[in-house]
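Single-structure report; data block below.
The values are calculated or read from the model by the stated rules, or taken from the named source; none is laboratory data. Just so it is clear, the model here is predicted, and its values are computed rather than measured. Here Cβ is always computed from backbone atoms with ideal geometry, including for glycine, and neighbour counts include all displayed protein chains. Side chains included, ligands, DNA and RNA excluded: accessible areas come from the protein's heavy atoms. Shrake-Rupley method; radii C 1.70, N 1.55, O 1.52, S 1.80 Å.
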Amino acid sequence: MLAEILDEALARVRPSEEEERHMKAVAREVIEKVDAEARKSGLDVYAIHVGSTARGTWLRGKKDIDIFLMFPADTPRERLEEDGLRLAKAISPMHEERYAEHPYVTASYKGLDVDLVPCYRVKDAAHIQSAVDRSPFHNEYVMRHIDGLHDQVRLLKQFTRGAGVYGSELRTQGFSGYLCELLVIKYGSFMGVVQHGANFRPGTIIDIEGLVNGIEHKEPLVVIDPVDPGRNVAAALSEQKLCEFIDACRRFIASPSLDHFFPPPHVPIKKGELEGLLASRGTLLIAVTFKTPDVVEDTLYPQLRKAEASIVRLLERHEFKVYRSGVWSNGRSAVVLEMLVWSLPAIERHMGPPLQEREHSERFREKYSEAYVMGCRYAVDTPRRYEKAVDLLRDRLRSCGLGKHVASSVAEGFDILLNVDTLELGHEFAAFLAQFLHAPSR
């Protein structure tokens, strides 16, 4: 049964022969064009194909490929950027300039998006001048060691997708494709990774080449980069996503099924269902919404999470209780809170100094004539400034540590939506909410 499940999963994710031929043909054509343009311009530059499409570990339906433009290591950065962009833009009139550590181009070519990235050709990863310079070494390492395990990598990639832990971008904080490749190389198969993954724990260290050099990594999973021993390939992986992966491995071992690879999509929760769910739980749903800042996702999501943490701290400092929180973004952004305690009594206790501190305690007693003794300290009941969590948020949200761009959006205006009114944020938010609240699938 397990073999049948894996065969079926692989049949769904392995690219067709036609896809593979087209992908390779486009890569060859783009490389030839870049090399010809470089020769014509008198540049000592050549192109190479990198990433999963070069290594044969990509999944069916992928529509983008990575081509790196290899510049001499002594090229000034300004020249690399200027000549790199010019060579890249010559590939297709349909292109868009983008920015990571330095500018690159995404060109549309014969139905595929081609990322054309200038980088330095250095002798080894110890001499990289920008993060992208590592990629050719990753390419070489995987292609030397993959040893027929391409389909096993495909299974692991789809499994992590099904578990919701695939993608090293800061939105997801999950497993990168390169990390999946290394785990399969280390453990020899998809099931080898799953069997070992079920025993992972925060603090696990994996060192394929025995390169540990005394550098301390504090991330929950450490996978030493075999081409750059000072780097943790799993640095982007959050503890939450690691633990979700561990759980997915254990559940698959206990009960293998295709649903682990292809789970049913999250069905958007409907108004009546949300009303019933919140009533049965006895909680309040709050969405603090604002215009999404015009920044890339890897800038946006850390700021959204910073805002989330600040808002939770603000609420709990004032004795409200947050049961769970999360962030969402699609046109508008939201910090979403499920509240256990969102309304408090009109009074709160203000504690004074211990009675043994006579001078201070007597001064407190003089200030508050109604003070009383509470466990060898004076205390007084005072009017609570914020009885409702919503009032606190309306009054104090802008004073939270929100991150530069989120703070700017919030300063322009924000809304606070409660319970079913949060569904005003649309269909995709309703699907997010079903997952956020762990609503029963239908």
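Within the range 58-106, the ratio Rg/Rh, alpha carbon atoms throughout and Rh by Kirkwood, equals 1.02.
Extension gain, ARG144 to ARG77, is 21.1 nm, computed as 0.36 nm per intervening residue step minus the present C-alpha separation. Extension gain for the segment LEU355 to SER255, taken as residue separation times 0.36 nm less the Cα-Cα distance, is 29.7 nm to one decimal.
If R0 equals 22 Å, the separation of the Cβ atoms of ASP44 and LEU211 corresponds to a calculated FRET efficiency of about 0.10. Contact order for the range 164-300, expressed relative to its length and based on alpha carbon pairs under 8 Å spaced 6+ residues apart, stands at 23 percent. Per residue, the average separation of C-alpha pairs within less than 8 Å and at least 6 apart gives the range 281-432 a relative contact order of 34 percent. By accessible area, using a 1.4 Å probe on protein heavy atoms only, the chain has 49% of its surface on carbon and sulfur.
Remark: accessible surface ordering of HIS266, HIS49 (largest first) is HIS266, HIS49, probe radius 1.4 Å.
Treating only the Cβ atoms of Lys and Arg (+1) and Asp and Glu (-1) as charged, compute the dipole magnitude of the range 7-63 about its Cα centre; round to the nearest 20 debye.
For the range 7-63, the charge dipole is close to 120 debye.
Accessible area of HIS405 (1.4 Å probe, protein heavy atoms only, ligands and nucleic acids ignored): about 60 Å².
Ordering TYR378, ILE48, PRO263 by Cα displacement along the dipole of the chain toward the positive end leaves TYR378 in first place; charges were set at the Cβ atoms of Lys, Arg (+1) and Asp, Glu (-1). From the largest down, the range 206-333 spans 55, 39, 32 angstrom on the principal axes of its Cα atoms.
Peptides 132-144, 178-190, ordered by how many other C-beta atoms sit within 10 Å of their residues on average, highest first, read 178-190, 132-144. Rolling a 1.4 angstrom probe over the protein heavy atoms with all chains in place gives the range 75-197 an accessible area of 42 Å² per residue.
For the range 308-417, report the accessible area per residue in Å² (1.4 Å probe, heavy atoms, rounded to an integer).
Here the per-residue accessible area is 57 Å².
Calculated FRET efficiency, ARG21 to VAL341, Cβ-Cβ distance, R0 = 45 Å: about 0.15 to the nearest 0.05. Helical runs assigned H by DSSP (4 residues or longer) give the chain a calculated mean residue ellipticity at 222 nm of -12500 deg cm²/dmol, each run adding -39500 (n - 2.57) before division by the residue total.
The heavy atoms of LYS306 present about 110 square angstrom of accessible area, all protein chains included, probe 1.4 Å. Take the Cα coordinates of the range 135-206, assign each an equal point scatterer, and use the Debye formula without solvent to give log10 I(q)/I(0) at q = 0.19 Å⁻¹. Reported log10 I(q)/I(0), two decimals: -0.79.
The spread of Cα positions in the range 334-419, taken along each principal axis and listed from longest to shortest, comes to 50, 28, 18 Å.
Each of SER238, SER130, SER255 has its accessible area taken with a 1.4 Å probe; listed largest first, they run SER255, SER238, SER130. Legend: Rg and Dmax of the range 102-156, from Cα coordinates, 14.4, 37 Å. Averaging over all projection directions, the Cα-based convex hull of the range 266-321 occupies 5.7 nm² in the image plane. A convex hull fitted around the alpha carbon atoms of the range 1-156 yields 118 Å³ per residue.
Across the chain, the relative contact order, built from alpha-carbon pairs under 8 Å that are at least six residues apart, equals 12 percent.
What ranking of VAL34, VAL267 comes out by heavy-atom accessible area, probe 1.4 Å, highest first?
Ranking VAL34, VAL267 by accessible area, largest first, yields VAL267, VAL34.
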